[in-house]
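Structure record follows, encoded as structure tokens.
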Amino acid sequence: MTRLIFLGAPGAGKGTQAETLAHHRNIPHISTGDILRQAMQKQTPLGVKAQDYVSRGELVPDQLVNDLVKERLDEPDTEQGWILDGFPRKVSQASFLDKLLQEKHNHQVVRVVNLEVPDDILMARLLARGRADDNEEVIRRRLEVYREQTAPLIDFYRDRQQLISVNGDQSLDEVTAELLDVIDS
Ligand code: AMP
């Protein structure tokens, strides 16, 4: 059973690797960022509420993402496993997820992958990507938000012995190979 959380800074390659691995394992790749972008595109009530935060590089309020993750993990396609990408992004979300998974899976351990990439490489990758929230000012803010609010999750999960670190500063295929190697060990 593969149940994984992908941590890592914006630009670390979480989305790409999570997608590849999910495909490999035939389990859903659940990206809160993708779900929010789709909702914004369709201008659903969730999208309208999230828009302003996403475009500024701020985190959307917990309530919105917690609800959407709870709903998504209730879908039947998650029964054989899942990969969460971009959630949790702060300790309060990690605590919410903990409770949710305890209720659902009765303490089965979920593993957490941290993709490590040096800062200068992150910036170059993000500038090259060209997403709507990828202009330099917003990128800076997203990296700041990551350092302040998300990076503490590395210690949070390391202390609980759930953390696996992977060198994200390699070619796509090399990162995938290392990931497949460590999640099976
Ligand atoms: P991502 O595609 O993961 O880089 O997410 C893009 C944007 O969506 C982020 O900059 C946040 O504004 C928002 N977002 C995604 N996931 C979360 C989350 N777990 N908590 C709060 N905001 C989020």
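Go through region 70-93 and count every residue that is within 16 Å of the ligand (Cβ to nearest atom), in contact with a Pro (Cβ under 9 Å, 6 or more places away or on another chain) and more than 29 Å from residue 174 (Cα to Cα). The number of residues fulfilling the criteria is 2.
Can you tell me which residue in region 169-185 is modelled with the highest pLDDT, limited to those that are of a type in the set (Ser, Thr, Tyr) and surrounded by fewer than 12 Cβ atoms within 10 Å (Cβ to Cβ)?
171
Of all residues being acidic (Asp, Glu) and without any contact (Cβ under 8 Å) to a residue 12 or more places away in the chain in region 83-119, which is surrounded by the most Cβ atoms within 10 Å (Cβ to Cβ)? Just the residue, please. Break it down into steps so the answer makes sense when it comes.
Restricting attention to region 83-119, the residues satisfying the condition of being acidic (Asp, Glu) are 85, 98, 103, 116, 119.
This time we only want the ones that are without any contact (Cβ under 8 Å) to a residue 12 or more places away in the chain, so: 98, 103.
Numbers: 98: 14, 103: 8.
Out of the qualifying residues, it is 98.
Scanning region 132-168 for residues that are more than 27 Å from residue 56 (Cα to Cα), surrounded by 14 or more Cβ atoms within 10 Å (Cβ to Cβ) and touching a residue at least 12 places away in the same chain (Cβ under 8 Å) yields 157, 162, 163, 164, 165, 166. Only one of the numbered conditions (1) at pLDDT 95 or above; (2) touching a strand residue (DSSP E or B) at 6+ places or on another chain (Cβ under 9 Å); (3) among the β-branched types (Val, Ile, Thr); (4) more than 9 Å from the ligand (Cβ to nearest atom) is violated by residue 110, and that is (1). Considering every residue within region 117-131, establish whether at least one is β-branched (Val, Ile, Thr) and within 13 Å of the ligand (Cβ to nearest atom). No, region 117-131 contains no residue that is β-branched (Val, Ile, Thr) and within 13 Å of the ligand (Cβ to nearest atom). Scan region 11-69 for residues that are within 22 Å of residue 83 (Cβ to Cβ), open to solvent by 60 Å² or more (accessible area, probe 1.4 Å) and more than 8 Å from the ligand (Cβ to nearest atom) and the total you get is 8. The set of residues from region 23-43 being more than 13 Å from the chain's Cα centre (by Cα) and in a helix (DSSP H, G or I) comprises 23, 24, 25, 37, 38, 39, 40, 41, 42.
The values are calculated or read from the model by the stated rules, or taken from the named source; none is laboratory data. Since the structure is predicted, the reported quantities are computational estimates derived from the model, not experimental observations. FYI the Cβ positions are ideal-geometry reconstructions off the backbone, even for glycines, and counts take in every protein chain you see. Note: accessible area is taken over every heavy atom of the protein model, side chains too, but ligands, DNA and RNA are not part of it. Shrake-Rupley method; radii C 1.70, N 1.55, O 1.52, S 1.80 Å.
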